[in-house]
Amino acid sequence: MTAAIPPSSMTMDVVICAYTLERWDDTLAAIESVRNQTTPPQKIVLVVDHNPDLYELFSAALPDVTVVENRKQRGLSGGKDTGVEVATSDVVAFLDDDAVAHPDWLRHFRDAYVDETIVGVGGTTLPSWESGRPRWFPEEFDWVLGCTFTGREAGPVRNLLGGNASFRREVFSVAGGFPSHIGRTSEQSRPLGCEETEFCIRVRQHRPDWTFVFEPQSVIWHRVPAARETFSYFRSRCFAEGLSKAAVTRSVGVADGLSAERSYTARTLTRGVARGLGEALRGERAGIERSYAISVGLLSAAAGYARGGVPLRRRSAMSATS
């Protein structure tokens, strides 16, 4: 790590990854929210994921934005790695293409780098519902929507959420980039993720003295279309999270890969179920619906994790008999 830079002197670039014309308006809104920051970025980088036509459209429409094509493997990880290569500032911030940032988003990111051991800062992601939060949808599972879940507290965290995160640029030269074998691509039918989880854990395995921090005042709003407000999407996304967590544990080990999840299950989810049951006893039917959703979400994630672990067990068995 280079000599400490005072937060007020830090420069910041913002990377946004895009892949489909269907999010054209969303992406323009995301870029406009970055243009309106009280602490303006040095550069806005828009990475287009293997879509030449979309790249040409954005290049023509956004002369003040650095628009580049994904130079890496197709998918979000490759897009982010390309953005890091193009970035030149002290800190690289990431914003989802279907999210908008509060005007002070970058300022709070910058001000949180108070110590040279802090190498990443993440913020609060709030859902922007198309139809409104379903009454059964528990806040403990807002991560299903790429949002901050109930129970996440300010201060040091194991990992940041990828759609609302920032990192010192030097971190990538030490730990490498985001994993290409984990995370989402436009060709997948399942909503996989966790590339930022694996990355953050890998960084800490290289440098245990480095810290990631959650700064709740760095706020963005993530759009939630009606298709993601259904119970079927909720269940499938939880299953996909289990698959993704299995991939993470194969990469970084079970102890580190599931450390936060064990605490989340034992504390946050247990309290959520108990609260829902208490609400139901007081006559609020939605309470039992939320408790049920928490139980289904946990079981679906566990099933996905078990399914994701099958290839690993098969390889182990084959190795033992060979």
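The values are calculated or read from the model by the stated rules, or taken from the named source; none is laboratory data. None of these values were measured; they are calculated from a predicted model. Positions of Cβ are backbone-derived with ideal geometry, glycine not excepted, and every protein chain shown enters the neighbour counts. In case anyone asks, the SASA skips ligands and DNA or RNA and just uses the protein heavy atoms, side chains included. Shrake-Rupley method; radii C 1.70, N 1.55, O 1.52, S 1.80 Å.
Things worth noting here:
- For the chain, a Gaussian network of Cα nodes joined below 10 Å ranks Val15, Val34, Val171 by mean-square fluctuation, and the top entry is Val171.
- Sequence of Tyr292, Tyr305 when ordered by accessible area, the most exposed leading, probe 1.4 angstrom: Tyr292, Tyr305
- FRET efficiency, Leu62 to Ser8 (Cβ-Cβ, R0 30 Å, nearest 0.05): 0.55
- Amide proton proximity set for Ser218, modelled H, under 5 Å, gap of 5+: Thr124
- The chain, relative contact order in percent, only Cα pairs under 8 angstrom and at least six apart counted: 19 percent
- Cα-based shape type of segment 38-162, given that a ≥ b ≥ c are square roots of the gyration tensor eigenvalues and the cut on a/c is 1.5: oblate
- Helix 24-35 and the longest principal axis of the C-alpha atoms of the chain enclose an angle of approximately 60°.
- Principal axis box of the chain, alpha-carbon based, largest edge first, Å: 57, 54, 43
- Measuring nothing but protein heavy atoms, the accessible surface of segment 76-161 at 1.4 Å probe radius is 49 percent carbon and sulfur.
- Helix 270-281 and the longest principal axis of the C-alpha atoms of the chain enclose an angle of approximately 60°.
- Computed from backbone phi, the HN-Hα couplings of segment 147-154 come to 10, 6, 8, 4, x, 7, 10, 4 Hz, rounded to whole numbers (Karplus: 6.51 cos²θ - 1.76 cosθ + 1.60, θ = phi - 60°; Gly and Pro given as x).
- Amide H contacts of Ile118 (H built 1.01 Å from N, in plane; Pro and chain starts excluded): Thr211 sit under 5 Å, all sequence-distant by 5 or more or on other chains.
- Note, ³J(HN,Hα) from phi for segment 41-55, Karplus 6.51, -1.76, 1.60, rounded to Hz, x at Gly and Pro: x, 6, 8, 9, 10, 10, 9, 9, 8, 6, 9, x, 5, 5, 4
- Scanning the chain for GluC sites (Glu not before Pro) that sit in a DSSP loop and have at most 12 other Cβ atoms within 10 Å, the longest stretch containing none of them is 188-322.
- With Cα atoms, 0 to 90° folded angle of helix 195-206 axis to the chain main axis: 80 degrees
- Of the trypsin sites (Lys or Arg not before Pro) found in segment 72-158, those that fall in a DSSP loop while having at most 12 other beta-carbon atoms within 10 Å are Arg135.
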